[in-house]
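Okay, structure first, notes after.
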């Protein structure tokens, strides 16, 4: 028996490769989930594989991102997704059921299983003791088709937890403290596993919040034990048979080890415009806020709304604050409603929104010009809110509720004694909120609106890749910067020609025009390029515009995989100082690249304006075949 939970689950699911540091492994995937911002592409990709039904044990299609229907496009895509689910054997969760990872842990998650989702925050499932990972949509399609999911064997980062949270301190403060200490890229290539006596003092809301934002540290996954807290959560959700005990063994061998005393954690706030720009709430008391939102992707749990409700009960929001509530799921909304907490929130001046992602993905709730928005969300990348020059801060529900009352960022510990949160013996829910797949799939017609376009065909790799540097960007460029979201852009998610017109729009709205005029080209970037969302559109749309290589200091894990999946060379500078010598408009040539990739070369010479620099191609043999073919689908789909 392995002495880390991560190794236990990995060893039970590995079907290709060895669990050796640096070696690529293939894992069987027990459960798969999609959401509508990425799911339309998943099902177009799944169709192209020519299969009649999914092969994973559980597959659920959620509609949680694009739920604002300002015209027919989102509604058309919802019908497309529902018809695909019916035909291919997938459970369908319609708009209003809630955010994929929140609903999934309540109704489908099982300790010890693997979960792969086309949402980067699928990592939330780690709160149950699952190995839950986000990935690009095409990898979800492949997993649903029964193919292994490939990652490099991760390092295991142990976090020894002792003590318990002080009043008004919760899981969001813990993950923000970890981000403050270690940065948003510290976890690349690693799984974080929590153990020690203090873990028993972390409720499921805290565990879910930490697991959710683990991806915002760059982690592949975060895993908590499946213990009595997990069992109580599953019992309360009417799923006692799903429980299985999982715990860290007596002699774990950690690649890294961190010790945390929960009692020393203070209320923390991430300042604009990255989740690791963290300060203590007490240091920000002079910052006035005009919008406070509790819920959505990260803190959408029952406890999060109950504590906020108790804090504002009998009081009224500050007159300059728009106080907004987004529950993580319909089930959570129903149970908070049953406890009377919605009444307290409404009477305090809160606006109650539909269960879904909403403002977290820029789908409504955009803040006013020049104002501060304080949110319990996981991300605050520039422009993600829907307001170009936004000032978004991230915090716990406790800090958010306190600040909604005072009109400025407020350490909630200044409000006196913390309230207790009551729990029902069993959560209310109804399984008929979910739509089961058709019994006779042959009778189902897939419904396609006019905005749904076929997957573009991408040719194999040429022997020479050359072109102009189309753009040069800094460190920590997110996929929100590469491929914006929001209610203006996301309705084109199933139309690659249309959505490509928005690539890099937030920082350079001439990029698509320049790319087309130049016939494609090269992108230059800094460290942690492609952090954030798993959206494969950040690779697909540039590829459609003719981008065939990106040369950066370092890549975020999911985005690098997405680039390979669609035949874009992911090169890194052998000497990071070469980044400084390249400018937009320079001419780049990579000669003999097919032979280099076929021959297993890792050192790739690149000519920049006639001067040679060295880059690195760090990919597996499987990924080399994908690059040569022009993408994973060219390898996987039936040959005619």
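The values are calculated or read from the model by the stated rules, or taken from the named source; none is laboratory data. In this text, all values refer to a predicted model and were calculated from it rather than measured experimentally. Positions of Cβ are generated from backbone atoms using ideal geometry, with glycine treated the same way; all protein chains shown enter the neighbour counts.
What number goes with the only condition from (1) surrounded by 23 or more Cβ atoms within 10 Å (Cβ to Cβ); (2) within 30 Å of residue 423 (Cα to Cα) that residue 136 does not pass?
Result: residue 136 passes all but (2).
Against the condition touching a strand residue (DSSP E or B) at 6+ places or on another chain (Cβ under 6 Å) and either surrounded by 14 or more Cβ atoms within 10 Å (Cβ to Cβ) or not assigned by TED's automatic domain parsing to the domain that holds residue 559 (or both), how does residue 622 come out, does it pass?
no
Got a number for residues in the range 340-363 being farther than 16 Å from residue 300 by Cβ and buried (at least 19 other Cβ atoms within 10 Å of the Cβ)?
3
Quick check, is residue 521 surrounded by 19 or more Cβ atoms within 10 Å (Cβ to Cβ) and in the same structural domain as residue 583 (by TED's automatic domain parsing)?
Yes: the conditions hold for residue 521.
Let's see how each residue does on (1) in contact with a helix residue (DSSP H, G or I) (Cβ under 6 Å, 6 or more places away or on another chain); (2) farther than 24 Å from residue 179 by Cβ; (3) surrounded by fewer than 18 Cβ atoms within 10 Å (Cβ to Cβ):
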{"residue": "237", "(1), (2), (3)": "yes, yes, no"}
{"residue": "244", "(1), (2), (3)": "no, yes, yes"}
{"residue": "255", "(1), (2), (3)": "no, no, yes"}
{"residue": "259", "(1), (2), (3)": "no, no, yes"}
{"residue": "272", "(1), (2), (3)": "no, no, yes"}
{"residue": "275", "(1), (2), (3)": "yes, no, no"}
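Sort through 17, 50, 39 and tell me the only one that's crowded, with 20+ Cβ neighbours inside 10 Å and either farther than 29 Å from residue 621 by Cα or in contact (Cβ under 8 Å) with a residue 40 or more places away in the chain (or both).
After applying the criteria, what remains is 39.
What are the residues in the range 144-165 that are touching a helix residue (DSSP H, G or I) at 6+ places or on another chain (Cβ under 6 Å) and either in a loop (DSSP other than H, G, I, E, B) or outside the structural domain of residue 116 (by TED's automatic domain parsing) (or both), if any?
163, 164, 165
Can you confirm whether the range 20-34 contains a residue that is at positive phi, surrounded by fewer than 18 Cβ atoms within 10 Å (Cβ to Cβ) and in contact with a strand residue (DSSP E or B) (Cβ under 7 Å, 6 or more places away or on another chain)?
The answer is yes; a qualifying residue exists.
For the range 510-559, which positions are more than 25 Å from residue 40 (Cβ to Cβ) and either free of Cβ contacts under 8 Å to residues at least 12 places away in the same chain or assigned to a helix (DSSP H, G or I) (or both)?
510, 513, 514, 517, 518
Do we find a residue being part of a helix (DSSP H, G or I), modelled with pLDDT of 95 or more and over 23 Å from residue 280 (Cβ atoms) anywhere in the range 221-229?
Taking every residue of the range 221-229 in turn, at least one turns out to be part of a helix (DSSP H, G or I), modelled with pLDDT of 95 or more and over 23 Å from residue 280 (Cβ atoms).
For the range 563-607, which residues satisfy the criterion of being in contact (Cβ under 8 Å) with a residue 12 or more places away in the chain, under 16 Å from residue 464 (Cα atoms) and not in a strand (DSSP E or B)?
Matches in the range 563-607: 567, 568, 591, 592, 593, 594, 595, 596, 597, 598, 601.
Could you list, in sequence order, the residues of the range 319-345 that are in a loop (DSSP other than H, G, I, E, B) and in contact with a strand residue (DSSP E or B) (Cβ under 8 Å, 6 or more places away or on another chain)?
Hits for the range 319-345 are 320, 321, 327, 328.
Could you list, in sequence order, all residues of the range 440-489 that are touching a residue at least 12 places away in the same chain (Cβ under 8 Å), surrounded by fewer than 15 Cβ atoms within 10 Å (Cβ to Cβ) and either outside any loop (DSSP other than H, G, I, E, B) or on the phi > 0 side of the Ramachandran plot (or both)?
Hit for the range 440-489 is 441, nothing else.
On the basis of being touching a strand residue (DSSP E or B) at 6+ places or on another chain (Cβ under 9 Å), surrounded by fewer than 24 Cβ atoms within 10 Å (Cβ to Cβ) and under 15 Å from residue 471 (Cα atoms), does residue 530 make the cut?
So residue 530 does not fit the description; no.
Can you work out which of the residues in the range 490-513 that are under 16 Å from residue 525 (Cα atoms) and in contact with a helix residue (DSSP H, G or I) (Cβ under 7 Å, 6 or more places away or on another chain) is surrounded by the fewest Cβ atoms within 10 Å (Cβ to Cβ)?
For the range 490-513, the residue satisfying everything is 507.
If you scan the range 58-77, which residues turn out to be part of a loop (DSSP other than H, G, I, E, B) and out of contact with any strand residue (DSSP E or B) (no Cβ under 6 Å at 6 or more places or on another chain)?
Hits for the range 58-77 are 63, 66, 67, 68, 69, 70, 71.
Here is a list: 502, 511. Which entry is at pLDDT 95 or above and within 21 Å of residue 385 (Cα to Cα)?
502
Got a number for residues in the range 380-403 being more than 18 Å from residue 301 (Cβ to Cβ) and touching a residue at least 40 places away in the same chain (Cβ under 8 Å)?
Qualifying residue count for the region: 13.
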